[in-house]
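Chemist: Below is the structure I would like to discuss, written out as structure tokens.
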Amino acid sequence: MDKTLSNFSLDLFSLRGKVAIVTGASKGLGQAYAVALAKVGAKIFVATHSNDWQETEKLLKETDAEYYFYEADLTDKSKIDDLVKTCVDHFGTVDILVNNAGTIVRDPIIDYKDENYEKVISINQHAVYYLSQRVAKQMVKQQSGKIINIASMLSFQGGKFVPPYTASKHAVVGLTKAFANELAVEGIQVNAIAPGYVKTNNTAPIREDEKRNEEILSQIPAAKWAEPYDLMGAVVYLASPASDYVNGHVLAVDGGWLAR
């Protein structure tokens, strides 16, 4: 592409003809990411842990984008291999990976159960590594690609009652930088989005706790929780040619939380 100033246009944000894998897109932020990418032309491969994807399918139909739903347990490495193969077999390639799937279990650290620690780390950290590695092998063949990990405000802070979630989200930032260091020369950009406090099912218990909700709002300069809609522009930017020289970066979309 000729990168003269006169050639800059909104086409740099188009994903027409690109193929995107989005994990955990049956609801919440994953759903928002999938719809955003579809609206700018991408073909969407939705990987979910259950077949409860009717709402996402309805939204994708409205975009006229091509899409494919795939049910997979990302804690099973063999399923990850099959996921990537299925995407390539169906669409011919994979250009974008959004590692959104994740889970959280809240408990005081002294009461935290081993099985819950292992469950959270397996989904939030190990699956990100294995899926990114498998997809990167395909992207290296193409000499192009975008991997977008989902970090958190707890990639920078300790939080309360969520030790494995905090550990995993710190790890996501480390993996983002490590993959970026090795894959940049292959034409692949690896970045992360760190959402602030967003209205999703995962944050419902916090929002319902009046004291905790007030504490959080008092620390957000924007003085409000984000909607999933507020993250849609960020994922399009990091998936598009407009961000081709952005690599190893963590983009906070937090209403100013980290600034305070």
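Chemist: Where is the GNM fluctuation largest for the chain (alpha-carbon springs, 10 angstrom cutoff): THR93, THR203, THR166?
Modeler: So, out of THR93, THR203, THR166, the one fluctuating most is THR203.
Chemist: If you don't mind, there's one more thing I want to ask. Using the Cβ atoms and a cut-off under 14 Å, what net charge is assigned to the surroundings of ALA20, where Lys and Arg are +1 and Asp and Glu are -1?
Modeler: Charge balance in the 14 Å sphere: +3.
Chemist: Would you calculate, for the chain, the mean residue ellipticity at 222 nm contributed by helices, counting each DSSP H stretch of 4 or more residues as -39,500 (n - 2.57) and dividing by all residues, to the nearest 500? Walk me through the numbers on the way to the answer.
Modeler: Values: 9 runs with 102 residues, N = 260.
After summing the helix terms and dividing by the residues of the chain, the value is -12000 deg cm²/dmol.
Chemist: Let me ask another. If the chain between ALA184 and ALA242 were fully stretched, how many nm would it gain, using 0.36 nm times the residue separation less the Cα-Cα distance?
Modeler: In short, 19.3 nm is gained.
Chemist: I need VAL98, VAL46, VAL88 ordered by Cβ neighbour count within 10 Å, fewest first. Kindly include the intermediate steps, with their values, before the conclusion.
Modeler: Values: VAL98 28, VAL46 24, VAL88 16.
Ranking VAL98, VAL46, VAL88 by Cβ neighbours within 10 Å, fewest first, gives VAL88, VAL46, VAL98.
Chemist: What does the charge count near THR75 come to, summing +1 for each Lys or Arg and -1 for each Asp or Glu among other residues with Cβ under 13 Å from its Cβ?
Modeler: Taking every other residue near THR75 into account, the sum is -1.
Chemist: Given a Förster distance of 41 Å, report the FRET efficiency between GLN133 and PHE13 from their Cβ-Cβ distance, rounded to the nearest 0.05.
Modeler: 0.90
Chemist: Can you tell me, using C-alpha contacts under 8 Å and at least 6 residues apart, the relative contact order of the chain as a whole percent?
Modeler: Details: 481 pairs, mean separation 49.9, N = 260.
Relative contact order of the chain: 19 percent.
Chemist: So who's got an amide H within less than 5 Å of the one on VAL253, skipping anything under 5 residues away but keeping other chains? H placed 1.01 Å off N, in plane.
Modeler: ALA194, GLY196
Chemist: Another question, if that's okay. Can you list the residues, at least 5 places off or on another chain, whose amide H is less than 5 Å from the amide H of ASN149, using H built in the peptide plane?
Modeler: Amide H neighbours of ASN149: ASN99, ASN191, ALA192, ILE193.
Chemist: Using the count of nearby Cβ atoms within 10 Å as a rough guide to exposure, how do VAL173, VAL22 rank from fewest to most?
Modeler: Numbers: VAL173 18, VAL22 32.
Least crowded to most crowded, the residues run VAL173, VAL22.
Chemist: Please turn the phi angles of segment 97-114 into ³J(HN,Hα) values with the Karplus equation 6.51 cos²θ - 1.76 cosθ + 1.60 (θ = phi - 60°), one per residue in order, whole Hz, x for glycine and proline.
Modeler: 10, 10, 7, 9, 3, x, 8, 8, 10, 9, 6, x, 4, 6, 9, 5, 7, 4
Chemist: If you don't mind, another one. At 4 °C and 1.567 mPa s, what whole-number value in µm²/s does Stokes-Einstein give for the translational diffusion of the chain, with Rh from the Kirkwood sum over Cα pairs? Mind showing how you got there, number by number?
Modeler: Details: Rh = 18.7 Å.
Answer, rounded: 69 µm²/s.
Chemist: Here's something else I'd like to know. Pick out, in residue order, every one of the chymotrypsin sites (Phe, Trp or Tyr not before Pro) in segment 168-259 that is DSSP loop and has at most 11 other C-beta atoms within 10 Å; say none if there are none.
Modeler: TYR245
Chemist: In the Gaussian network model of the chain, springs joining C-alpha atoms below 10 Å, which of GLN189, GLN31, GLN157 carries the largest mean-square fluctuation?
Modeler: GLN157
Chemist: Report, by chain and number, residues whose modeled amide H sits under 5 Å from the one on GLU66, excluding near sequence neighbours (fewer than 5 apart, same chain).
Modeler: Here ILE44 satisfy the definition.
Chemist: Quick check: net charge around PRO221, other residues with Cβ under 15 Å of its Cβ, Lys/Arg +1 and Asp/Glu -1?
Modeler: So the surrounding residues net to -1.
Chemist: Helix 28-39 versus the longest principal axis of the chain: what is the Cα-based angle in degrees, 0 to 90, to the nearest 10?
Modeler: 20 degrees
Chemist: Within 10 Å of each residue's Cβ, count the other Cβ atoms and sort TYR33, TYR112 from fewest upward.
Modeler: In increasing order of surrounding Cβ atoms, one gets TYR112, TYR33.
Chemist: Treating the angle as unsigned and between 0 and 90°, give the value, to the nearest 10°, between the Cα long axis of helix 163-183 and the longest Cα principal axis of the chain.
Modeler: 20 degrees
Chemist: Please give the contour-minus-distance gain from LEU217 to ASP52: 0.36 nm per residue of separation, less the Cα-Cα distance, rounded to one decimal in nm.
Modeler: Additional length available on full extension: 56.2 nm.
Read-outs: derived from the displayed coordinates by stated rules, not from any lab. In this text, all values refer to a predicted model and were calculated from it rather than measured experimentally. Cβ coordinates were reconstructed from backbone atoms using ideal geometry, including for glycine residues, and neighbour counts include every protein chain displayed.
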